[in-house]
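To start, the structure under review is shown below, and the notes come after it.
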Amino acid sequence: MIYNYLKTAWRNLLRNKSYMLINVLGLTVGIAACLLIFMVVRFETSFDNFHPKRNNVYRVVSEFETEDGVSHSPGAPFPVIPALRIDFPQMKQVAGIMQSINDQVTIPTDDATPQKKFLESFYFAEPQFFSLFNFPWLAGDPKTSLTDPGNVVITRKLAEKYFTDWKSAMGKTIIRNNKEVYKISGILENVPANTDFPLTHVASYSSIKNTNVARNLNDWISTFSGSYAFVEMPDNYSVEQFNKDLRNFVKKHKPVEYQKDKLIAQPLTAIHFDDEFGTYGGHTFSKSLITALILIGIFLLVIACVNFINLATAQAVNRAKEVGVRKVLGSNRQQLAFQFLSETGLITFIALLIAIIVAMVTLPFLNKLLETSMTFSFVKEPALIVFLLATGLVVTLLSGLYPAFVISGYNPINALKSKVAARSGSGITLRRGLVILQFTIAHILIIGMIIVVSQMRFFKNATLGFDKASIINVPLPNDSISKLAFTPLHNQLKQNPNILHASFSFASPSADGNWQSDFRYDHSAKNLNWTANLKWADTGYFATYNLKFVAGRPYYHSDTVREFVINETLMRKLGVRDPQQAIGKELNFWDGSMVGPIVGVVRDFNSYSLREPMAPVVLGTFRDVYQTINIKIKPGKDKETLAFVEQHWNKAFPDYVYEHRFLDETIAGFYRQENQLSILYRIFAGIAIFISCLGLYGLVSFMAAQRTREVGIRKVLGASIGNIVYL
């Protein structure tokens, strides 16, 4: 019985090839887009779901209230971790982990073989971390491998890169930043792509005392965004109660003037969807964005189904006699409806198969665009099979149910006498309504695309308050011996006519890493209750970035802080309206550790992304923290100048790895997700227009076929082809 239905359906489709082609093409594009959106949503919602304890694990994050509002940090002060163990004995476990980026890793070799050097990310974790998080180990013991200082665990990929065979890596040593020696005590399996912990090297947490951040281990005020604190909550202790107790915890340990700071428990399951706090991987995906993608997928599928309904109801008149004959020969309405549904199901099945192929071909492009590593595998992702079956069923019912019952409901006598109207009022109204629905959805997507594209254009073309063109940032070593080479390197670079300016600084004007601090103003007795962004840089910084002065002058050359330059926003926050009145006022940082007068005021410049308001900025000389050299290159001279810079940098720091990055690339990275979404919205809007026009083309073609006599009469009466096309 089913076989006969399918055979008849196939024959009918072959008799109406154009009808089948339009429907298959529309459904294929709609289902393929929907399938890819499903894979993106599935991938983004799977982050860190493989940890068995994920529902009981929380990250303790920081929140700061100032006059400007609330700011957030994913980190917690270093002393928080041991204090949590003492003050919250009910916690099952407490674990700390810290990230350090752009570390140089050297692989020791014998004298005859050149040493291998790499720039990597380093993590420092307590043994408890691997009890909370289920990262598989290939060698070593998770409970003891990170107990002793100087131990490190690396991933299989790195072990093979460093030593060819990961099995031979156990017991070998690596050197971090040319001074810290670590023994490999374990090998991790490569971490999956769907985790916010892209672990590479994980050193014992006790090794932090040998690093540059050791001075902060007992500091309750400073918060390092790369230092995370995790707790495993007991079942009988609510997160609401924990947050309430954390308020008392802050009051107990922090100085009085910092007791407005908050520590908050953030569920591990929420980390990937919260861009306020961020992650180690730097990749978050908000739930509102997931909802938007799901709605777009539904919209595209609805548009494709509307095409089907329109074409099926429009073509119904051509099958009226078929229905009449079938009914005369004994078919009932249910049998006829099932026959037409089987045709819809066959078209949907064909579209599904082609959509799978289209999705597989398109997936590498989508992975490259979104910087993901999704794979198309029915074995690893059985949810794909469920999704495709559900989509096929929904599309078949949505597309075929109404046309099937309309066509099967024809009166057999009227059908055989050809009295079924091709242009009945209800059919026309329905088709017009569905076409309007199609183009309404398409216009919604187009409007969304225009908004996102306009936003991206604004990001790219907005005036930031400083010059970003043809400027490269080169990281510098921070050990005391390397600092001796700073001045000779600067002098050598300035000899090249293609290098217009060069300066040393902690960071560029707009950078990922920023230094915040409160301070005292004009001999006040206590610190202000808001912070400034500190930009430590030499005197050449102003010329390199073309920062404009509205009052005063640049500070004089010095290795230590003696004078300050501020921006207009900080001046206004201090209550000063005339820039000249700010000159000579004193700033005091860290209880007198750095004191000096304001000698200049520069125009505002964006030190964060354009999502953030203009920040108050203080600039000063502080040679000990310089970690970047900023180089302004003559336009069009990039290639030869970059080779010159690399050559002299390698001579100045032969034990370190050279790398550079153009500042405009760094700034573009702030809006990476927005740029990805703008491309996606363009694609989806284009698909919506394509499917809608495809359906409209089918309807117009059918209408033209139904009006051949009218066209003939109009031509006889003198109408031109242009008149008829315009009609």
Legend entry - Extreme residue, positive dipole direction of region 30-150, given options 131, 82, 58 (C-beta unit charges): 131
Legend entry - Peptide ranges 291-304, 434-447 listed from the most packed, as the mean C-beta count within 10 angstrom indicates: 291-304, 434-447
Inset, instruction - Mind checking the full-extension length gain between residue 131 and residue 290? Use 0.36 nm per residue of separation minus the Cα-Cα distance, one decimal, nm. - result: 54.2 nm
Inset, instruction - Could you please put 641, 284 in sequence from largest to smallest accessible area, using a 1.4 Å probe? - result: 284, 641
Inset, instruction - Keeping all protein chains in position, work out how much accessible area residue 72 exposes to a 1.4 Å probe, and write it in Å² to the nearest 10. - result: 60 Å²
Inset, instruction - Any chance you could run the full-extension gain for residue 386 through residue 514? It's 0.36 nm times the residue separation minus the Cα-Cα distance, nm to one decimal. - result: 41.4 nm
Legend entry - Label-to-label distance, nm, for residues given as residue 240 and residue 107 (7 Å Cα→Cβ offset): 5.5 nm
Legend entry - Whole-Hz couplings from phi, Karplus 6.51/-1.76/1.60, listed for region 578-589; x for Gly and Pro: 9, x, 5, 6, 7, 5, x, 5, 9, 10, 10, 10
Legend entry - For the chain, size of Cβ-based charge dipole, Lys and Arg +1, Asp and Glu -1, in debye: 3800 debye
Inset, instruction - Using only Cα atoms, find the angle between the long axis of helix 638-652 and the longest principal axis of the chain, and express it within 0 to 90 degrees, rounded to the nearest 10. - result: 40 degrees
Inset, instruction - For the chain, find the longest principal axis of its Cα atoms and tell me its angle to the long axis of helix 17-44, 0 to 90°, nearest 10. - result: 30 degrees
Inset, instruction - For region 567-718, state the semi-axes of the equivalent ellipsoid (square roots of 5 times the eigenvalues of the alpha-carbon gyration tensor), sorted largest first and rounded to whole angstrom. - result: 62, 28, 14
Inset, instruction - Quote the accessible area belonging to residue 92 in square angstrom, nearest 10, computed with a 1.4 Å probe and with ligands, DNA and RNA left uncounted. - result: 110 Å²
Inset, instruction - Count the lysine pairs in region 98-177 whose Cα atoms sit under 17 Å apart, keeping only pairs 8 or more residues apart in sequence or on different chains. - result: 9
Inset, instruction - Kindly state, to the nearest 0.05, the FRET efficiency for residue 269 paired with residue 639, given R0 = 51 Å and r defined as their beta-carbon distance. - result: 0.60
Legend entry - Cβ-defined net charge surrounding residue 135, 11 Å radius [Lys, Arg +1; Asp, Glu -1]: -2
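Give me Rg/Rg_expected for the chain, where Rg uses Cα atoms only and Rg_expected = 2.2 N^0.38 Å with N residues. Please list the in-between numbers first.
Values: Rg = 33.5 Å, N = 727, 2.2 N^0.38 = 26.9 Å.
In units of the globular-protein estimate, the chain measures up at 1.25.
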Inset, instruction - On the full set of protein chains, 1.4 Å probe, figure out the accessible area of residue 454 and give it in Å² to the nearest 10. - result: 50 Å²
Legend entry - Signed unit charges on C-beta, dipole axis of the chain, positive-most listed residue 47, 296, 236: 296
Inset, instruction - Would you mind telling me the antiparallel percentage of the DSSP bridges in the chain, rounded to 5? - result: 80 percent
Inset, instruction - Divide the volume of the convex hull of the Cα atoms of region 506-591 by its number of residues and quote the answer in cubic angstrom per residue. - result: 108 Å³
Inset, instruction - Report relative contact order for the chain in percent, whole number only (criteria: Cα-Cα under 8 Å, sequence separation at least 6). - result: 15 percent
Legend entry - 0 to 90° range, to nearest 10: angle between helix 333-370 axis and the chain longest Cα axis: 30 degrees
Inset, instruction - Tell me the label-point distance for the pair residue 526, residue 572, using the 7 Å Cα-to-Cβ offset, in nm and rounded to one decimal. - result: 2.7 nm
Inset, instruction - Largest first and in whole Å, give the semi-axes of region 223-286's equivalent ellipsoid, each being the square root of 5 times a Cα gyration tensor eigenvalue. - result: 23, 17, 10
Inset, instruction - Please give the residues of region 514-555, grouped as numeric ranges, whose backbone N is less than 20 Å from a label point set 7 Å along the Cα-to-Cβ vector of residue 71. - result: 514-522, 526-537
Inset, instruction - Find the accessible area per residue for the chain; the probe is 1.4 Å, ligands and nucleic acids are left out, and the unit is Å². - result: 47 Å²
Inset, instruction - List the lysines whose Cα lies under 27 Å from the Cα of residue 494, skipping any in the same chain that are fewer than 8 positions away. - result: 468, 483, 535, 548, 632, 634, 637, 639, 651
Inset, instruction - Can you send over the carbon and sulfur percentage of the accessible area for the chain, probe radius 1.4 Å, protein chains only? - result: 58 percent
Inset, instruction - Measure off 7 Å from each Cα along the Cα-to-Cβ vector at residue 464 and residue 625, then give the distance between these two points in nanometres to one decimal. - result: 2.0 nm
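For the chain, what is the mean residue ellipticity at 222 nm derived from helices alone (per DSSP H run of n ≥ 4: -39500 (n - 2.57); sum divided by total residues; nearest 500 deg cm²/dmol)?
Numbers: 22 runs with 321 residues, N = 727.
Calculated at 222 nm, the ellipticity per residue is -14500 deg cm²/dmol.
The values are calculated or read from the model by the stated rules, or taken from the named source; none is laboratory data. It should be emphasised that the depicted structure is a prediction, and the values quoted were computed from it without experimental measurement. No Cβ is skipped: glycine too gets one built from the backbone with ideal geometry, and neighbour counts run over all protein chains shown. Just the protein is used for accessible areas: all its heavy atoms, side chains included, with ligands, DNA and RNA removed. Shrake-Rupley method; radii C 1.70, N 1.55, O 1.52, S 1.80 Å.
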